[in-house]
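The values are calculated or read from the model by the stated rules, or taken from the named source; none is laboratory data. Everything quoted here is computed from the prediction, not taken from an experiment. Here the Cβ is made from the backbone with ideal geometry for all residues, glycine too, and neighbour counts use every protein chain on show. Side chains are part of the model used for accessible areas, which takes the heavy atoms of the whole protein and leaves out ligands, DNA and RNA. Shrake-Rupley method; radii C 1.70, N 1.55, O 1.52, S 1.80 Å.
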Amino acid sequence: MTIRPRRDWLAACAGLAGAAMLPARARAQQAPPATRGPDVVFVPTPREGVDEMLAVAKVGPKDVLYDLGSGDGRIPITAAQRWGTRGVGVDIDPQRIEEANANAVAAKVADRVRFVQGDLFEMDRTPATVITLYLLPDLNVKLRPTLLKLEAGTRIVSHDFAMGDWRPARRIEKGNRTVYFWTVPPPGKPYPKL
């Protein structure tokens, strides 16, 4: 008679131990380990640059903004705060993701934006209606083939760096900042060159 209660007790303890480990396992699955380091050093987009980028993209509450190389999350967070935009920030650096998620909570927009650790070259961006970038020119050029696969009309905005020989629809220069704006053309149509 003492064997069964002891076995039940051991089973209950094992179940509790497994349940205690579950959140850690779930967290590990949400942030896969980076297979490489960051392509660029984190330099935040100045607040004025964020405002210019979002204004030229004409973001609104129906938009889904993807910020590639999102750093501290200021672009998706600002878009959510001011225009009700939903957003996804992608960064390979887990420290930046932790900081961005904390910033979203502090800004009270964590229900509208999320930040994921991942490789911006390998992730699915198809839900995006707006793409924002503050990457180096060679990285922008490397992204072009995947950006052309997005739905026609998707807006692309880059702070300071162009897309190689793609002719921007708009180029805004203010002080020492430049904002570039493009729109994804219909499938099969090449992007206008400089």
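Any residue in the range 100-126 that's farther than 15 Å from LEU65 by Cβ and open to solvent by less than 40 Å² (accessible area, probe 1.4 Å): show its pairings with residues that are among the acidic types (Asp, Glu) and in a loop (DSSP other than H, G, I, E, B) at Cβ separation under 8 Å, as long as the two are six or more apart or on different chains.
As it stands, the answer is GLN117/ASP93, since those pairs meet every condition given.
Looking only at residues in the range 149-172 that are under 18 Å from the mean Cα position of the chain (by Cα) and open to solvent by 70 Å² or more (accessible area, probe 1.4 Å), which one is farthest from ARG86 (Cα to Cα)?
In this case the residue turns out to be LYS149.
Kindly indicate whether PRO192 is modelled with pLDDT under 90, surrounded by 12 or more Cβ atoms within 10 Å (Cβ to Cβ) and more than 18 Å from MET53 (Cα to Cα).
yes
Take the conditions modelled with pLDDT under 95 and among the basic types (Lys, Arg) and apply them to ARG171. Does it pass?
Answer is no for this residue.
Just to be sure I understand, how many residues within the range 127-138 are over 19 Å from ASP72 (Cα atoms) and surrounded by fewer than 17 Cβ atoms within 10 Å (Cβ to Cβ)?
Of the residues in the range 127-138, 3 are over 19 Å from ASP72 (Cα atoms) and surrounded by fewer than 17 Cβ atoms within 10 Å (Cβ to Cβ).
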